[in-house]
Amino acid sequence: MNTFAYKDLKKKNYFEGWYQRITDENNNINYAFMFAITKDEHDPHAFIQVFNGVTNKSKYYRYETSDFYYLNDAVYIKDNFLSPKSMFVRIDDIEISVLFNESQKLKKHYMSNSSMSFLSRFLLECYQEVIVIDGTFSGEILIDGETQNINGKGYLEKTFGSKFPEKWIWIQGNHFNKDVSLTFAHGIIPFLKWKVKGFFTILIYNGKEYRFTSCNFSRMKIKKQLPEQIEIVIKKRRFKLIINAKLIKPVKLVGPSKNGVMNLDVFESINSLATLTFYKGRKIIFDTMGRSIGFENMYD
């Protein structure tokens, strides 16, 4: 299954978006780019949302739906494009061109490489796919007439459906003191007459993938939740992962509410901090700190 591919599941009241992070700590570059289309029948449009984690500001750029198309495993919005191999954005005072190099993709899980496992086959209001949990990039950025060579780490995922979950927590990071990458997602999603609580955690340590999900009988508990801090404990058999995340300077972004209407306030940080402690039995496999963490806590 090509998790990057444009699904185009519905002709109206539907959204589909790709989320690309690039972070170059040496050159003070920290961006999230969202390429998306909404088929809200009252206001259909394509858009690119740019979140600058250095200035801590975001901008939402609207385009006609005719400016959006998918070709040869790439998403195009007018002159801008995103693929698993490259990205080009030219908007206002920024021009960025990068190539994505080595990438850590997900292994098959229950006969699928979907981050949601077999839940991706159910009729849900929102789907989330982790495409590249950890990768590298190189390229250049032009800001205010000055060109700068950049290289660093990237992360790529996508979401699609009719609306975001009713409540959710999302934590993402690949800037830890050890060779660790993490994506955690937990949400409450309406399914027929029920509200389904689900989660997945994908942990990469020294190139090995550990998967904790609702589908493989893993257990997840939110032990402590403050406005700016959360502690999550995840268990599967003898393995236990403790995530402590601190929310730093969240910024208001725009997300989809019912029928793909782009009017939902989403508060996200890409400057947060986190610590991970991973056990097997009583033995600590690793204990590490992370920075430049992506964090959304929309659970209240």
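Readers should treat all values here as calculations from the given coordinates under stated rules, not as data from a laboratory. A quick note: this is a predicted structure, and the numbers were derived from the prediction, not measured. Quick reminder, even Gly has a Cβ in these numbers, built from the backbone with ideal geometry, and neighbours come from all protein chains shown.
Worth a mention:
- Restricting the calculation to alpha carbons of segment 176-300 gives Rg and Dmax of 15.5, 48 angstrom.
- With θ taken as phi - 60° and the Karplus curve 6.51 cos²θ - 1.76 cosθ + 1.60 applied, the whole-hertz 3J(HN,Hα) list for segment 255-260 is x, x, 9, 4, 6, x Hz, x standing for glycine and proline.
- Between amide H atoms placed 1.01 Å from N, distances below 5 Å from LYS7 occur with no residue 5 or more places distant or on a separate chain.
- Each peptide in 30-43, 162-175 was scored by the mean count of other Cβ atoms within 10 Å over its residues; highest first, the order is 162-175, 30-43.
- In this label model, LYS280 and ASP79 are separated by 5.3 nm, measuring between points 7 Å along each Cα→Cβ vector.
- Spin-label zone in segment 274-300 - amide nitrogen under 15 Å from a point set 7 Å from the Cα of ARG238 along the C-beta vector: 279-286
- Across segment 49-60, computed HN-Hα scalar couplings (Karplus, 6.51 cos²θ - 1.76 cosθ + 1.60, θ = phi - 60°) run 9, 10, 10, 9, x, 7, 7, 6, 10, 10, 9, 10 Hz from first to last residue, x flagging Gly and Pro.
- Unsatisfied cross-links (Cα-Cα over 26 Å) in the set LYS167/LYS280; LYS59/LYS195; LYS167/LYS236; LYS158/LYS195; LYS105/LYS195; LYS208/LYS280: LYS167/LYS280; LYS59/LYS195; LYS105/LYS195
- Square roots of 5 times each gyration tensor eigenvalue, C-alpha, the chain, largest first, Å: 28, 24, 18
- Enclosed volume per residue, in Å³, of the convex hull spanned by Cα atoms of segment 1-95: 112 Å³
- From phi via Karplus (6.51, -1.76, 1.60), per-residue ³J(HN,Hα) for segment 222-239 in Hz, x at Gly/Pro: 8, 8, 9, 9, 10, x, 10, 8, 9, 10, 10, 10, 10, 10, 8, 6, 8, 8
- Residues whose amide H falls under 5 Å from that of TYR14, counting only those 5 or more places apart or on a different chain, are LYS39, ASP40, with hydrogens built in the peptide plane.
- Local electrostatic count at PHE68 - Lys and Arg +1, Asp and Glu -1, tallied over other residues with Cβ under 10 Å: -2
- Estimated FRET transfer efficiency when R0 is 35 angstrom, pair LYS178-LYS221 (beta carbons, to 0.05): 0.90
- Cα gyration tensor shape for segment 57-101, rounded if a/c is under 1.5, else prolate or oblate: oblate
- Overall form of segment 230-282 per C-alpha gyration tensor (a/c, 1.5; a/b vs b/c): oblate
- Residues whose amide H lies under 5 Å from that of ASN30, counting only those 5 or more places away or on a different chain, are ASP24, GLY53, VAL54; hydrogens are built 1.01 Å from N in the peptide plane.
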